[in-house]
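What follows is one structure encoded as structure tokens, with my remarks underneath.
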Amino acid sequence: MQKGQLSIDLLLAIIAAAILFAVLVNSYNQNFEAELRGQNLKNEAKAILLDVYATIGSAKDYNQSILYTTPKAKERSEFNETAQCTITIDKGQGSITVLIIGAYNDAQWNRYTGLNLGDIILRDPVNSDALMPDPTSVGCGTRFKVERSP
Amino acid sequence: MMRKENGQLYSLDFLISVGLLVLAIGLTLNFYETTAYQEKEARTRNELNTIALTAANILAAKSTCPEAAFSAQGYRAYGCYDRAKLSGISKSDLLIPADMSCLVKRGNNIENLKAPGCAQSEPPPTTTDVASVERPLLVPATAPLTKTTYEKCIAQACDSYVEETLTVKVWR
């Protein structure tokens, strides 16, 4: 061998190390990606929950009738589908729950409990402002009226 | 006979570049971790602020000044302390979720306004995120506050009422 010449042994060792490193990174990324997806879904559920809560709070504070459209879940670009998302307002239990099912069928939910929603009225504007049942479950992106009972 | 020479195994350039690469990866990961932490903190603060603001607004909506006196001129005033209206408002009435803690006080004295379900002391010193909303409140000295008295007191100091602060704190 001459000075500056790479030996074949070293080349093989580098290739083997590169392959091993690629396998390790790939397995790490798969778990990392799943965790990241779950966390993104949870954050989205929390954001929608906070928006619904704030609207109900505004109706209660200012005694206004609010025509409200709930936020939609973000679309899943991999399958070009919108994630399934449900908002449940239970006046009897005093809870607001948001459930999102992602493109990989991983579900995340967020809930506020212990709220006094007894004086909140929900109406369906499509159905001549008819009272909505209790508990009420609607999909994200649905429009309804929120008001406080007199 | 040729002299056998050993091949070069590594170079100084290679060592330096590996060191720089590791440093760059470390800085990137640190930046990502810091950004992710800041985003999480911002979300938590936003949530607490929204809940505290909602609770404070509900209290303010119940703190109406005597209607007969103020509505004579055609408007409704808020921000008058009325023990009968504000006492007994619970944590659930303030739309504060069960998994959060709260404190409602008038002035600096927690004893003045106890909300059932809320804490009776300040949040622990170890609590990192606490949302606090303050609202001015007029506490009549003796008789219920009237509009005439209020307008007179704006012009000059009087002892018909005391201005205090209504504080709502929410933490998890």
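The values are calculated or read from the model by the stated rules, or taken from the named source; none is laboratory data. All values derive from a computational prediction rather than experimental measurement. For neighbour counting, all protein chains shown are included, and Cβ atoms are generated from backbone atoms with ideal geometry for every residue, glycine included. Accessible surface areas use protein heavy atoms only, side chains included; no ligands, DNA or RNA. Shrake-Rupley method; radii C 1.70, N 1.55, O 1.52, S 1.80 Å.
Here are some notes:
- For the stretch A:85-114, the residues whose amide N sits under 16 Å from a probe point set 7 Å from the Cα of A:Asn127 along the beta carbon direction are A:87-91.
- Between B:Gln156 and B:Ala36, full extension at 0.36 nm per residue minus the direct alpha carbon distance yields a gain of 37.9 nm.
- Lysine pair count for chain A with Cα-Cα distance under 30 Å and sequence separation of 8 or more or different chains is 19.
- Residue-wise HN-Hα couplings along the stretch B:152-168, as the Karplus relation 6.51 cos²θ - 1.76 cosθ + 1.60 with θ = phi - 60° gives them from phi, are 5, 6, 5, 6, 9, 5, 8, 10, 6, 8, 10, 8, 10, 10, 8, 10, 10 Hz; Gly and Pro carry x.
- Förster radius 30 Å - calculated FRET efficiency between B:Asp13 and A:Ile19, Cβ distance, rounded to 0.05: 0.80
- Expected 222 nm ellipticity per residue - DSSP helices of 4 or more, -39500 (n - 2.57), all of the protein assembly as shown, to 500: -13500 deg cm²/dmol
- Stokes-Einstein diffusion for chain A, with the hydrodynamic radius set to the Kirkwood value over Cα pairs and evaluated at 25 °C in a medium of 0.890 mPa s, equals 132 µm²/s.
- Mean Cβ count within 10 Å, highest first, over the residues of peptides B:22-33, B:91-102: B:91-102, B:22-33
- For B:Leu95, residues with placed amide H under 5 Å, excluding near neighbours: A:Asn116
- Surrounding net charge for A:Val98, when Lys and Arg each add one and Asp and Glu each subtract one, Cβ distance under 11 Å: +1
- FRET efficiency, 1/(1 + (r/R0)^6) with R0 25 Å, evaluated for B:Asp99 and A:Ser149 via beta carbons: 0.40
- Within 10 Å of the Cβ of each residue in A:53-63, the mean number of Cβ atoms contributed by other protein chains is 4.
- Inter-chain Cβ neighbour count for B:38-46, averaged per residue, equals 1 (cutoff 10 Å, partner chain atoms only).
- For A:Phe144, neighbours were defined as the other residues whose beta-carbon sits under 9 Å from its Cβ, and their charges (Lys and Arg +1, Asp and Glu -1) total +2.
- Helix A:8-62 axis, angle to chain A major axis (alpha carbon atoms, nearest 10°): 10
- Percent of Cα-Cα distances greater than 37 Å, calculated over the protein assembly as shown: 42
- Net charge of Cβ neighbours under 15 Å - reference B:Glu33; Lys, Arg +1; Asp, Glu -1: -2
- Take B:Thr165: with every protein chain present and a 1.4 Å probe, its accessible area is about 50 Å².
- The stretch B:78-121: C-alpha gyration tensor shape, a/c 1.5 cut-off, then a/b vs b/c: oblate
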